[in-house]
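The values are calculated or read from the model by the stated rules, or taken from the named source; none is laboratory data. All figures in this text were calculated on a predicted structure; none of them were measured in a lab. Reconstructed Cβ throughout: ideal geometry from the backbone, glycine too, with neighbour counts over all protein chains shown.
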Amino acid sequence: MNEVIKIPMFPLSIFPLPGELIPLHIFEPRYRQLLEDAETKDIAFGIYFNHVSNQEKMGSLVKLESVIKRYKTGESDIIVRCVDLLSMSKLFRTYRDKLYPGGEVELWHVDITQPMGGTLRKYFTQYQSLIRLNHTDKTVSLYDAANELNLGFDERLKLVGLTDDRKESFLIARLKYQIQLLREVEKAKDVYHLN
């Protein structure tokens, strides 16, 4: 069993996967304070997936990647990167002496760099070719494939609950489906041009 720790929390209706970059618009005073702490103290914080389908109380541990824009009103547009997943046992209205919430969590210690297997890589390369992206020369992790597919909330929850080999099978099935759709779109374009 992992150690339970207390961290700042940002409850949102999103569930970032490891490695994913997420844009956020910060406007509430409590989350402005969280942004200030993330910048000055280089702290990570949790995004608790505040959704009815999240029965397991899962979330994402994120770190500030960059501040894109600061507004005169005090609001900010930022980018955070998911660095781990977490399970939350308690959510507190405030974290220590801060305005923003906190929570007791167990970190999953996900291996973000876990490379994908050969079959998954084959379908991922095919998919990237069809959407005209060619980043296959870099080492691509299992989560890179998941993030590229832009999975829905239920699919994300299902994916993280699977064993590693089942994660690969799950992603291969999604890639095959997307590849078939993309090929049908190409066929439809050809038929349209012939008319």
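Details
- Of all residues in the stretch 105-114 being touching a residue at least 40 places away in the same chain (Cβ under 8 Å) and out of contact with any Leu (no Cβ under 8 Å at 6 or more places or on another chain), the one that is surrounded by the fewest Cβ atoms within 10 Å (Cβ to Cβ): HIS109
- Long-range neighbours under 8 Å by Cβ, at least six apart or interchain, first residue among the small types (Gly, Ala, Ser) within the stretch 115-134, second at pLDDT 90 or above and in a helix (DSSP H, G or I): GLY117/GLU168
- Among the residues making up the stretch 118-156, those that are crowded, with 16+ Cβ neighbours inside 10 Å, in a loop (DSSP other than H, G, I, E, B) and modelled with pLDDT of 90 or more are LEU149, LEU151.
- Test: residue in the stretch 126-134 that is closer than 15 Å to LEU17 by Cβ and among the hydrophobic types (A, V, I, L, M, F, W, C): no
- Residue in the stretch 45-65 that is farthest from the chain's Cα centre (by Cα), counting only those that are over 17 Å from ASP154 (Cα atoms) and surrounded by fewer than 18 Cβ atoms within 10 Å (Cβ to Cβ): GLU65
- Residue within the stretch 30-38 that is free of Cβ contacts under 8 Å to residues at least 24 places away in the same chain and either under 23 Å from LYS167 (Cβ atoms) or of a type in the set (Ser, Thr, Tyr) (or both) present: no
- Listing of strands (runs of 3 or more DSSP E) fully contained in the stretch 1-116 that carry 2 or more residues being in contact with a helix residue (DSSP H, G or I) (Cβ under 8 Å, 6 or more places away or on another chain): 58-70, 76-92
- Scope the stretch 66-95; condition of a type in the set (Lys, Arg), in contact (Cβ under 8 Å) with a residue 12 or more places away in the chain and surrounded by fewer than 14 Cβ atoms within 10 Å (Cβ to Cβ); matching residues: LYS90
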